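The structure under discussion appears below in the form of structure tokens.
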Amino acid sequence: MGLDTTLFNLINGVATRVAPLDGLMRLLVNDYFVPTALCLLAAALWFSGANRDARAANQRAVVSMVVAVLLANVLVKLCNLLYFRPRPFSVQEVNLLFYRPSDSSLPSNAAAVGFAFAGLGWQRDRRLGVVMGVLGGLFGFARVYCGVHYPLDIVAGGLVGVFSAWVVGKAQSLLEPLMLALIAFGRRLYLA
Amino acid sequence: MEFHEQLTIGFVFFVFAFFVSLGFWQILAAHQGLSALSLLPQGAKARWSHLLGAALILLPCVWFFGARTEDVFSPGPASSEFLFFLSMGLLCALGTSIVGSLVVDRVSLRGEDRSENPYHRREAVSTSRWQGTLYLPVSDSQPWRAVCIVPGPTERLESVGNLAEGLARRDVAALVIDMTKRDLWRYPDVLATVPQAIGYMEKRGDLDRRRIGLLGVGLGADLVIRAAASDRQVGSVVALSPLLTASSVQPGLDLLREMSYIEALRWRRVHQGGQLVSQLAALEYMPGLDGRPLLVVSGGMDRLAPRVEQETLPPGAQLKLVKGVGRRGLAQDSEILSSSVGWFLNHL
């Protein structure tokens with residue numbers, strides 16, 4: 001954990017020194033900005049596509065994203081049941097720019113969600129994957145900067161997210177009935 | 001955290017999500033051409049929608065992250081609560097976009113000048129089966145050539161008013177049938193509509209019974225092709241965006257590019273999932289025109305009508321593709337207006 005703590009001190013040490021950077025990180029770290037942006041990107045993907053077939057492929061990707069995020073959440077909860085790591089502010093002096101979460105620090109739920117989106121986004125469209133990945137990465141970085149996670153928590157969360165996306169990507173045939181039903185329902189409402 | 005505090009944060013986030021989603025729908029409407037979701041009048045430039053959308057996203061962000069920091073930096077909602085409030089915001093914003101777009105449509109249509117002008121006069125026509133409006137030229141060159149205009153089930157009389165006025169201005173009388181009633185489209189009764197209209201025009205002394213043409217829009221175009229194939233008296237036909245195949249009638253997002261949400265609901269009910277298009281079988285009846293002039297007009301951006309090729313049309317038929325025009329606004333397009341009027345002047 002030495003390197004982890006050193007990296008944390010390096011990143012979190014900058015906090016409170018540069019006011020504009022603090023402002024940016026406080027925008028990225030909260031529970032609303034990045035998740036809302038990721039959800040709206042997924043919603044935009046649902047409606048994009050030059051024709052019905054292309055749109056249906058995008059809609060399958062969106063359904064997969066939802067399933068991957070659910071899976072990532074379940075995996076994080078399971079990890080929390082098996083292992084509890086205290087938050088940085090509980091064990092050392094930190095520059096805290098956020099409230100004090102009480103759940104386990106490792107793995108980071110925020111990073112898991114961000115990278116679950118990004119993993120499926122990458123599978124469907126490389127550019128979308130990069131955009132979502134950057135958002136997920138910034139989300140994770142801001143959590144370290146603001147003193148609520150160690151870097152290793154973010155890496156572990158990111159791996160959980162990517163793993164969830166990979167599993168869901170491999171299980172497309174299992175999800176096909178759900179996808180077909182949701183797309184058909186959307187079409188009946190003229191929203192797919 | 002107290003329950004009422006959580007509720008307050010949830011409500012504040014819902015308000016934020018609602019306005020951000022409203023902006024999202026406006027940008028999506030502009031980007032995807034979904035006119036049924038646009039809060040700006042039809043014909044407004046896409047950049048205004050983008051601007052409106054961007055403003056609707058940025059302003060709530062400034063308010064939420066700038067002025068509600070206490071809420072933002074307190075323990076937030078769990079994933080399920082977050083998703084609930086965000087979904088509610090998205091759905092409410094979608095409903096607002098649909099209703100707002102309908103209101104804007106109605107207001108802008110009401111604003112259009114449909115008053116009498118010196119180039120034509122109008123007469124209301126009513127039969128036991130249908131109602132309509134007869135646009136008569138003001139010249140003395142009676143009997144006038146006459147065209148029966150059959151709009152689709154979602155087109156109001158006003159939407160084909162331009163065509164009727166354009167014909168009347170060039171000394172061609174135009175009878176527009178109001179086809180918005182669902183009962184009128186019941187098969188096989190619907191087949192009697194055009195012959196009845198032709199019968200009405202024949203009885204009038206001021207119309208030339210030997211020079212009668214038909215013009216249809218959408219499903220109305222399918223109907224006039226079928227009617228013309230069965231009535232050799234029809235001298236010329238213009239079909240604007242005929243559906244021709246049942247596969248053109250599919251539920252889905254594409255409908256919102258061409259009509260309002262309410263019209264899309266009606267469209268699906270009237271078309272009975274494509275059954276009516278199959279029953280009218282316009283494509284199969286086209287050869288029955290026996291070389292009489294037929295102009296098929298399609299909008300280049302029409303997402304519903306199938307791409308018609310000249311080779312699939314019978315002799316005497318001509319195909320015109322108008323770039324940059326969708327199904328919506330087809331009957332109001334000036335190029336289509338001049339082509340249709342010109343067609344009847346040359347072929348009737």
Kindly check whether there is at least one residue in region B:236-249 that is in contact (Cβ under 8 Å) with a residue 40 or more places away in the chain, in contact with a Gly (Cβ under 8 Å, 6 or more places away or on another chain), within 14 Å of chain A (Cβ to nearest Cβ) and under 30 Å from B:Thr96 (Cα atoms). yes
Of the conditions (1) at pLDDT 95 or above; (2) closer than 19 Å to A:Ile154 by Cα; (3) touching a helix residue (DSSP H, G or I) at 6+ places or on another chain (Cβ under 6 Å), A:Asn30 satisfies every one except a single condition; which number is it? (1)
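Identify all residues within region B:227-251 that are assigned to a loop (DSSP other than H, G, I, E, B) and surrounded by fewer than 23 Cβ atoms within 10 Å (Cβ to Cβ); write none if there are none.
Step one: filter region B:227-251 for residues assigned to a loop (DSSP other than H, G, I, E, B), giving B:231-233, B:241-245, B:249-251.
Passing the criteria: B:Asp231, B:Arg232, B:Gln233, B:Thr245, B:Val249, B:Gln250, B:Pro251.
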Within region A:8-39, how many residues turn out to be within 11 Å of chain B (Cβ to nearest Cβ) and of a type in the set (Phe, Trp, Tyr)? 2
Looking at (1) farther than 23 Å from A:Asn51 by Cβ; (2) more than 10 Å from chain A (Cβ to nearest Cβ), which is the only condition B:Phe73 fails? (2)
If you go through region A:113-152, how many residues are farther than 19 Å from A:Pro86 by Cβ and crowded, with 24+ Cβ neighbours inside 10 Å? 13
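Report yes if some residue within region A:123-140 is in a helix (DSSP H, G or I), under 14 Å from A:Leu70 (Cα atoms) and either within 13 Å of chain B (Cβ to nearest Cβ) or modelled with pLDDT of 95 or more (or both); otherwise report no. Before the answer, list the steps.
Keep residues of region A:123-140 that are in a helix (DSSP H, G or I), which gives A:123-124, A:126-140.
If we keep only those that are under 14 Å from A:Leu70 (Cα atoms) as well, we get none.
There is no residue in region A:123-140 that is in a helix (DSSP H, G or I), under 14 Å from A:Leu70 (Cα atoms) and either within 13 Å of chain B (Cβ to nearest Cβ) or modelled with pLDDT of 95 or more (or both).
Being among the basic types (Lys, Arg), outside the structural domain of B:Gly205 (by TED's automatic domain parsing) and surrounded by 13 or more Cβ atoms within 10 Å (Cβ to Cβ) is true for just one of B:Arg129, B:Arg68. Which residue is that?
Numbers: B:Arg129 fails: outside the structural domain of B:Gly205 (by TED's automatic domain parsing).
Just one listed residue meets the conditions, B:Arg68.
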Would you point out which residue out of A:Ala42, A:Ala50 is within 14 Å of another protein chain (Cβ to nearest Cβ), of a type in the set (Gly, Ala, Ser), out of contact with any Ser or Thr (no Cβ under 9 Å at 6 or more places or on another chain) and part of a loop (DSSP other than H, G, I, E, B)? A:Ala50
Could you check region A:67-94 and list, in sequence order, the residues that are buried (at least 18 other Cβ atoms within 10 Å of the Cβ) and either free of Cβ contacts under 8 Å to residues at least 24 places away in the same chain or touching a helix residue (DSSP H, G or I) at 6+ places or on another chain (Cβ under 8 Å) (or both)? A:Val67, A:Ala68, A:Val69, A:Leu71, A:Ala72, A:Asn73, A:Leu75, A:Val76, A:Cys79, A:Arg85, A:Pro88, A:Val94
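Residue-by-condition table, conditions (1) part of a helix (DSSP H, G or I); (2) among the β-branched types (Val, Ile, Thr); (3) within 13 Å of chain B (Cβ to nearest Cβ):
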| site | (1), (2), (3) |
| --- | --- |
| A:Phe84 | no, no, no |
| A:Ser90 | yes, no, no |
| A:Leu96 | no, no, yes |
| A:Ser102 | no, no, yes |
| A:Ala112 | yes, no, yes |
| A:Ala116 | yes, no, yes |
| A:Gly119 | yes, no, no |
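State whether one or more residues within region B:148-162 are assigned by TED's automatic domain parsing to the domain that holds B:Val234, of a type in the set (Asp, Glu) and crowded, with 18+ Cβ neighbours inside 10 Å. Explain how you work it out, then say what you get.
Start the filter on region B:148-162 by keeping residues that are assigned by TED's automatic domain parsing to the domain that holds B:Val234, which leaves B:148-162.
With of a type in the set (Asp, Glu) added as a condition, the list becomes B:155, B:158.
From the residues that got through so far, the ones that are crowded, with 18+ Cβ neighbours inside 10 Å too are B:155.
Scanning region B:148-162, I find at least one residue that is assigned by TED's automatic domain parsing to the domain that holds B:Val234, of a type in the set (Asp, Glu) and crowded, with 18+ Cβ neighbours inside 10 Å, so the answer is yes.
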Just for region A:153-188: of the residues that are small (Gly, Ala, Ser), within 14 Å of chain B (Cβ to nearest Cβ) and farther than 30 Å from A:Phe139 by Cα, which one is surrounded by the most Cβ atoms within 10 Å (Cβ to Cβ)? A:Gly186
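The values are calculated or read from the model by the stated rules, or taken from the named source; none is laboratory data. Computed from a prediction, not measured in an experiment: that's the story for all the values here. Please note: Cβ atoms are built from the backbone with ideal geometry, for glycine as well, and neighbour counts cover all protein chains shown.
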